[in-house]
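Student: Got a structure for you, written out below as structure tokens; questions coming shortly.
The values are calculated or read from the model by the stated rules, or taken from the named source; none is laboratory data. Since the structure is predicted, the reported quantities are computational estimates derived from the model, not experimental observations. Ideal geometry is used to build each Cβ from the backbone, glycine not excepted, and the neighbour counts take in all protein chains shown. For the accessible areas, the whole protein counts, side chains as well, though only heavy atoms, and no ligand, DNA or RNA atoms are used. Shrake-Rupley method; radii C 1.70, N 1.55, O 1.52, S 1.80 Å.
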Amino acid sequence: MNKHILNTAKGLFFSAALVTLAGCEREISTDVLATSPKVAEVFLDEFAAGVDFQAWGKTTALSQDNETKYSGTASLKIEVPTPDDFLGNWTGGVFFTEAGRDLSDYDALTFYVKSSASTKIEVGLGSYGDNPEYTATIAGVTADANWRKVIIPIPNPAKLTAEKGLFNFSAGTNDTGGQAYTLWIDEVKYEKLGTLAHTRIENMTMAGFPSGDFEIGTLTGYVNLPNGIDQKMTMSSKYFTFESSNPEIATINENVITFHGGKGKAVFTPKEAQGSITVNVYDFAPVPSHNEANVISLYSDKYTNTLSSPFNGYWDWQTTSNNEINAGGDHIMHYGTFNYVGIVLDNGADCSDMDCLHIDILLMDGSDGNQQITVEAHQGRGDAVATVGKEVATLKTGEWISVDVPLDANTNLVHELMLQRPNGSNYQDILVDNIYFYKN
């Protein structure tokens, strides 16, 4: 979602005119001293002093409604546009205060929501500024004809001693079949519920490398609500204080992992929540030895990459996700939940005098049987695709395998590559590096 700022609407209240928007106890870290005012209210019948609004990427109709409200005299009224709106079929933004607030006495942000059409919205806190630190977001919040109370748990309130991003939302028409609708929000405030429990993060496994630093981003987490339901959230890793099971391999400062040169495994466990992050440290891929004059490179730190691609074509029936790892300047592509992936070149590669496609692949999963991967090079696009090179390779857990795919003698342009997990193989995660064409 584009969060570029178009405008800022300021003041203690809004008129009806259009304005520009866009059970178990855990150890809590308290190593930051609070210096900001302790104010719970964001919007009750009007905006609390010092609260402003910043839109995310487009104009939105926002007003103060004195007729439809949950409590008191007014609510916030938001008009969500139709898909043919030239600025897009969604609206959103963040309510903030430049002074910052000490919210460490509260464990949740709460509000009431109602909608003229049944839909799902996304809400959260902490999303203000160029580098927000303590974000917490809930997707798929139901809004319909009845007023509903929404609870956004704060994963670790002790961290929010100077928070500027008080409340953010985004709403679109994907769930209404393109129908425009009105959204009302009321009684936005921070509370000490005292009934939230069992904060945990979703266990995850990551790849690490012998040198450099790696910053952990957002995590999927859960907090048990007063009704007994585990609320799924996306939360910043900066809420937590992690400890390393293997400091000789890797240590962590706040949410930045530093690697110390060895191979192995380190498990990072937060003091303030259940769950863990496991990092397996691998060697870097072998350094290519081909002369650059004989290479056309797509993805390698050894060569100048003259080809380009988004590295995931999101073809039909694929489940594969991708993200790039930057290990101290060495770049490695990670493919998760892998079944197959198309790597579509932005421009075709002239391979008329190239002999082979090269790619280095590492299997992250524990090997169970014969784990293989098929690598193909395709000429043409759409329905006019011909396979001009194909190789099936056997993978080994934790080891880089170099795959060289001979190209057909009549190959002219190569437009796309495909990596596929054959039937009988059951792994999920691979690393990829050094994708290039070469001639002998």
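Student: Go through Glu243, Glu248 for me and flag whichever is over 18 Å from Ile201 (Cβ atoms) and acidic (Asp, Glu). Before the answer, list the steps.
Tutor: Numbers: Glu243 fails: over 18 Å from Ile201 (Cβ atoms).
Exactly one of Glu243, Glu248 is over 18 Å from Ile201 (Cβ atoms) and acidic (Asp, Glu), namely Glu248.
Student: Check whether at least one residue in segment 128-136 is under 23 Å from Leu76 (Cα atoms) and hydrophobic (A, V, I, L, M, F, W, C), and report yes or no.
Tutor: Yes: one or more hits.
Student: I'm trying to understand the selection: among the residues of segment 136-152, which are open to solvent by 20 Å² or more (accessible area, probe 1.4 Å) and of a type outside the set (Asp, Glu)?
Tutor: Within segment 136-152, the first condition is being open to solvent by 20 Å² or more (accessible area, probe 1.4 Å), and the residues that meet it are 137, 139-140, 142, 144-149, 151.
Within segment 136-152, Thr137, Ala139, Gly140, Thr142, Ala145, Asn146, Trp147, Arg148, Lys149, Ile151 qualify.
Student: Can you name every residue in segment 360-377 that is open to solvent by 10 Å² or more (accessible area, probe 1.4 Å) and either in contact with an Asp or Glu (Cβ under 7 Å, 6 or more places away or on another chain) or part of a strand (DSSP E or B) (or both)?
Tutor: Step one: of segment 360-377, the residues open to solvent by 10 Å² or more (accessible area, probe 1.4 Å) are 364-370, 372, 374, 376.
Of everything in segment 360-377, those that are open to solvent by 10 Å² or more (accessible area, probe 1.4 Å) and either in contact with an Asp or Glu (Cβ under 7 Å, 6 or more places away or on another chain) or part of a strand (DSSP E or B) (or both) turn out to be Met364, Asp365, Gln372, Thr374, Glu376.
Student: Here is a further query. If the Cβ limit is 6 Å and pairs must be 6+ apart or interchain, which residue in segment 228-244 that is under 12 Å from Tyr134 (Cβ atoms) and modelled with pLDDT of 95 or more pairs with which residue that is part of a strand (DSSP E or B) and not hydroxyl-bearing (Ser, Thr, Tyr)?
Tutor: Met235/Ala136; Met235/Leu219; Met235/Gly221; Ser237/Leu219; Phe240/Pro270
Student: A follow-up question, please. I'd like the full set of residues that are surrounded by 14 or more Cβ atoms within 10 Å (Cβ to Cβ) and out of contact with any helix residue (DSSP H, G or I) (no Cβ under 7 Å at 6 or more places or on another chain), limited to segment 244-255.
Tutor: Here is the first cut: in segment 244-255, the residues surrounded by 14 or more Cβ atoms within 10 Å (Cβ to Cβ) are 244-246, 249-252, 255.
Residues satisfying the conditions are Ser244, Ser245, Asn246, Ile249, Ala250, Thr251, Ile252.
Student: If you go through segment 153-170 one residue at a time, do you hit one that is modelled with pLDDT of 95 or more, of a type in the set (Val, Ile, Thr) and either within 22 Å of Ala327 (Cβ to Cβ) or surrounded by fewer than 18 Cβ atoms within 10 Å (Cβ to Cβ) (or both)?
Tutor: Checked segment 153-170: no residue is modelled with pLDDT of 95 or more, of a type in the set (Val, Ile, Thr) and either within 22 Å of Ala327 (Cβ to Cβ) or surrounded by fewer than 18 Cβ atoms within 10 Å (Cβ to Cβ) (or both).
Student: Which of the residues spanning segment 386-410 are open to solvent by less than 70 Å² (accessible area, probe 1.4 Å), aliphatic (A, V, I, L, M) and assigned to a loop (DSSP other than H, G, I, E, B)?
Tutor: Of everything in segment 386-410, those that are open to solvent by less than 70 Å² (accessible area, probe 1.4 Å), aliphatic (A, V, I, L, M) and assigned to a loop (DSSP other than H, G, I, E, B) turn out to be Leu395, Leu407.
Student: Given the conditions (1) under 22 Å from the mean Cα position of the chain (by Cα); (2) not in a strand (DSSP E or B), report the number of the one that Ala145 does not fulfil.
Tutor: (1)
Student: Using the structure shown, decide if Tyr181 is surrounded by 17 or more Cβ atoms within 10 Å (Cβ to Cβ), under 21 Å from Leu160 (Cβ atoms) and not hydrophobic (A, V, I, L, M, F, W, C).
Tutor: Numbers: surrounded by 17 or more Cβ atoms within 10 Å (Cβ to Cβ): yes; under 21 Å from Leu160 (Cβ atoms): no; not hydrophobic (A, V, I, L, M, F, W, C): yes.
Here the answer is no, as Tyr181 does not meet what is asked.
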